[in-house]
Amino acid sequence: MSVRESLGNDHKAIEQRLDELSNAVEGASWVTILEVFRKVDRGLRAHIDGEERYLFPHFEASHPETLEELRAEHAHARKALDELMIQTELHTLRKEPIDELLGQLRAHAAKENLTLYAWADERPQGEPQNGLFEFLEERRMALRDDQPEESA
Ligand SMILES: [Fe+2]
Ligand SMILES: [Fe+2]
């Protein structure tokens with residue numbers, strides 16, 4: 001599976017969870033909201049941490065400006081998660097900041113498809129992967145674990 005496909009699925013799952021959170025704040029209990037928020041938080045942080053650890057180092061020399069932009073967008077997303085967490089704990093979380101983050105992540109994902117993921121998929125076979133494959137596999141398994149359990 002290509003990097004674009006694999007991490008593209010991750011983007012879709014993260015967007016879906018954020019959308020779920022955005023709907024949950026309009027009436028679900030705070031227990032449910034906190035539960036959904038934790039999934040969003042865990043999934044998004046694991047995704048961006050992994051990109052920085054396993055993908056960025058390969059393109060630091062060839063594309064420093066783009067990586068700087070992506071890194072700044074990651075920092076922004078982490079900060080947004082910190083703020084949403086506080087709002088969740090204070091029970092003041094509203095729909096708008098969630099939808100705002102969702103919009104930013106969609107733009108970020110579109111940029112990654114054209115840059116980071118495209119470069120990763122163009123890399124010659126046999127070049128050292130340095131943990132990239134393990135990262136993709138880990139994200140794939142995380143997505144599987146994240147599926148709602150089948151009712152017995
Ligand atoms: Fe990213
Ligand atoms: Fe990404």
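State all residues of the range 78-114 that are under 19 Å from residue 51 (Cβ atoms) and touching a residue at least 60 places away in the same chain (Cβ under 8 Å); if no residue qualifies, say none. Matches in the range 78-114: 101, 102, 105, 106, 109, 112, 113. Residues that are surrounded by fewer than 17 Cβ atoms within 10 Å (Cβ to Cβ) and not in a loop (DSSP other than H, G, I, E, B) within the range 88-98 comprise 89, 90, 95, 96, 97, listed in sequence order. Of all the criteria given as (1) in a helix (DSSP H, G or I); (2) among the acidic types (Asp, Glu); (3) away from ligand 2 (no atom under 15 Å from the Cβ); (4) touching a helix residue (DSSP H, G or I) at 6+ places or on another chain (Cβ under 9 Å), the one not satisfied by residue 127 is (1). Just wondering, is there one or more residues in the range 21-38 that are more than 24 Å from residue 125 (Cα to Cα), within 15 Å of ligand 2 (Cβ to nearest atom) and among the small types (Gly, Ala, Ser)? No, the range 21-38 contains no residue that is more than 24 Å from residue 125 (Cα to Cα), within 15 Å of ligand 2 (Cβ to nearest atom) and among the small types (Gly, Ala, Ser).
Residue-by-condition table, conditions (1) modelled with pLDDT of 95 or more; (2) surrounded by 14 or more Cβ atoms within 10 Å (Cβ to Cβ); (3) closer than 17 Å to residue 11 by Cα:
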residue	(1), (2), (3)
70	yes, yes, yes
74	yes, yes, yes
82	yes, no, no
100	yes, no, yes
110	yes, no, yes
114	yes, no, yes
130	no, no, no
133	no, no, no
136	no, yes, yes
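The values are calculated or read from the model by the stated rules, or taken from the named source; none is laboratory data. Computed from a predicted model, the values in this text were never measured in an experiment. When we count neighbours, we look across all protein chains shown, and the Cβ atoms used for this are built from the backbone with ideal geometry, even at glycine.
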